[in-house]
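Visitor: One structure is given below, represented as structure tokens, and several questions about it will come after.
Here, each number is a calculation from the coordinates, and none is a lab measurement. All values derive from a computational prediction rather than experimental measurement. FYI the Cβ positions are ideal-geometry reconstructions off the backbone, even for glycines, and counts take in every protein chain you see.
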Amino acid sequence: MPVRPLSEEEVPVFSRILADSDMDGLFGAAVLKAYRPDAEVMFTHAAAMRSGMMDGFVDRSTALVDLPFHPACGWYVDHHMTNRPDEEAAKAFAAAGGTQHWEATPSAARLAYDLLADITQMDHLTDMMPVVDALDSGGISKKEFLEDAPLLQLARTCTSRDPEYMRHLVGLLTGGASAEVLLNDSTVQKRLREVVDERVVALEHVKANTTVVDRLAICRFDETPLRSNGYLVTAWAGNDADACCIVHGYADGHLGDPHRPPLSASFYANSFLPDGQGRYDLSRLATALDPTGGGHANACGCRIQPPGLEANLAHWLDMWSNRDNVLVR
Ligand SMILES: [Mn+2]
């Protein structure tokens, strides 16, 4: 369904923007801030939201974008399947004065962009929006992935580990920066060089630490500071895997420590295969053991639950081996 653009009267009043710390959250925040330049921007991530860590920053003057639903916020803008408030929660939220926009758009930023399209000057963002959409919805081709264009690199510089850098990026975008200006900023350039080097190291790590079991590529990034998105693993696995499970974080990690996050798993469909997306609802894996897990059917995650990683992996592999009954959409 096409998103109907809002009029000025329909936009809730907000003075704080709380966004996810990825490319989608960045552009979602940039769109909302283009509409309301004096709003404060804060970056967080789904697990921190779901754990209640951000509760003190969420009230009716807060707009949430690309994050799990929070009933205390004023404006909820999102597109994650598992985040959609059910009818009862949506009704209670509206009755309490909240405004909800949930649509299955390719990115939450796209939803914000379409909602504010008639009343906001954001031409400088328009050219970058297709990349934001593609990155967030598995729309990157293998060729594009391998070419690793600067905007794909930019996406990898986005991190919850460095909120100050995220605010720097949103500041540039709020100042009207085009892709060219953004990518030529000296701070950004330094980060781009870092992530290009990191990808080389991460790929070596993928090659040495990935096992394909029954067409599920299980990649172990845990107990290392390295990270990877799903594309790196599914590109490596090629035709041998329909999905991947990336384990990351530390057994002694904490949600409150961005440099030592807790042990977690991310699941991604192999979007490089012709029918790679849409066959299985991987969010059932992400929510099977962790009630705070979730995301999209094709990209989601959760935290490792007691008794521990091996038991969690065994449970998911069991579900996966029954995928045509348990995960099929
Ligand atoms: Mn998103």
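Visitor: What GluC sites (Glu not before Pro) does segment 121-216 have in DSSP loop regions with at most 11 other beta carbons within 10 Å? All intermediate terms of the calculation are to be shown ahead of the outcome.
Guide: On the way: sites: 144, 147, 164, 180, 194, 198, 204; in loops: none.
Answer by residue number: there is no such site.
Visitor: Could you please state, rounded to a whole Å, how far the C-alpha centre of segment 37-101 is from the C-alpha centre of segment 110-138?
Guide: Taking the Cα centre of segment 110-138 as reference, the centre of segment 37-101 is 20 Å away.
Visitor: Step through the residues of segment 94-100 one at a time and calculate ³J(HN,Hα) from phi using the Karplus curve (6.51 cos²θ - 1.76 cosθ + 1.60, θ = phi - 60°), rounding each to whole Hz and writing x for Gly and Pro.
Guide: Each residue's phi maps through the Karplus curve to give 5, 4, 7, x, x, 10, 10 Hz.
Visitor: Also, quick follow-up: Please check: in the Gaussian network model of the chain (C-alpha springs, under 10 Å), which one of 253, 139, 308 has the largest mean-square fluctuation.
Guide: The residue with the greatest mean-square fluctuation here is 308.
Visitor: Something else now. For segment 61-220, take the convex hull of the Cα atoms, compute a quarter of its surface area, and give me that in nm², please. Walk me through the numbers before you get to the answer.
Guide: Details: hull surface 48.6 nm².
Dividing the Cα hull surface by four gives the mean projection, 12.2 nm².
Visitor: May I ask you to list the chymotrypsin sites (Phe, Trp or Tyr not before Pro) in segment 228-319 that are in a DSSP loop and have at most 15 other Cβ atoms within 10 Å of their Cβ? Don't jump to the answer; show the numbers that get you there.
Guide: Details: sites: 231, 236, 250, 267, 268, 272, 280, 316; in loops: 272.
Answer in residue order: no site qualifies.
Visitor: Output wanted: per-residue J couplings in Hz (rounded whole) for segment 259-271, from phi through Karplus 6.51 cos²θ - 1.76 cosθ + 1.60, θ = phi - 60°, x for Gly and Pro.
Guide: 8, 9, x, x, 4, 9, 9, 10, 10, 9, 6, 7, 6
Visitor: Dipole size in debye (nearest 20) for the chain around its Cα centre, Lys and Arg Cβ +1, Asp and Glu Cβ -1?
Guide: Details: 28 positive and 46 negative charges, 84 e Å.
So the dipole magnitude of the chain works out to roughly 400 debye.
Visitor: Another question, then. Give the shape of segment 1-120 as rounded, prolate or oblate, defined through the alpha-carbon gyration tensor: a ≥ b ≥ c are the square roots of its eigenvalues, a/c under 1.5 means rounded, and otherwise the shape is prolate if a/b is larger than b/c and oblate if not. Provide the component values of the computation, followed by the final result.
Guide: Numbers: a/c = 1.26, a/b = 1.14, b/c = 1.10.
Since a/c stays below 1.5, the shape of segment 1-120 is classed as rounded.
Visitor: Right, another one. Consider just the alpha-carbon atoms of the chain and return their Rg together with their Dmax, both in angstrom.
Guide: Calculated on Cα positions, Rg and Dmax stand at 19.1, 56 Å.
Visitor: Residue by residue through segment 50-60, what is 3J(HN,Hα) from phi via Karplus (6.51 cos²θ - 1.76 cosθ + 1.60, θ = phi - 60°)? Round to whole Hz and write x for glycine and proline.
Guide: Going residue by residue, I get 5, 7, x, 4, 9, 3, x, 10, 10, 9, 5 Hz, with x marking Gly and Pro.
Visitor: Continuing with this model, one more query. For a quick check: with amide H placed at 1.01 Å from N, whose amide H comes under 5 Å from residue 42's, ignoring anything fewer than 5 positions away on the same chain?
Guide: The answer is 17, 18, 19.
Visitor: Sticking with this structure for a sec: Once amide H atoms are built 1.01 Å from N in the peptide plane, which residues 5 or more positions from residue 260, or in another chain, come under 5 Å H to H?
Guide: Amide H neighbours of residue 260: 254.
Visitor: Related question: Under the Kirkwood approximation applied to all pairs of distinct alpha-carbon atoms, what is the hydrodynamic radius of segment 204-326 in Å? Intermediate results must be reported in sequence, preceding the final value.
Guide: Details: mean 1/r = 0.0699 Å⁻¹.
The Cα-based Kirkwood calculation yields 14.3 Å.
Visitor: Using +1 on the beta carbon of Lys and Arg, -1 on that of Asp and Glu, and nothing else charged, what's the dipole of segment 222-329 about the Cα centre, debye to 20?
Guide: Working: 7 positive and 12 negative charges, 55 e Å.
Charge dipole, segment 222-329, about its Cα centre: 260 debye, nearest 20.
Visitor: While we're looking at this one, here's another question. Which residues' amide hydrogens lie under 5 Å from the amide hydrogen of residue 213, considering only partners 5 or more residues apart or on another chain, with H built in the peptide plane?
Guide: 218
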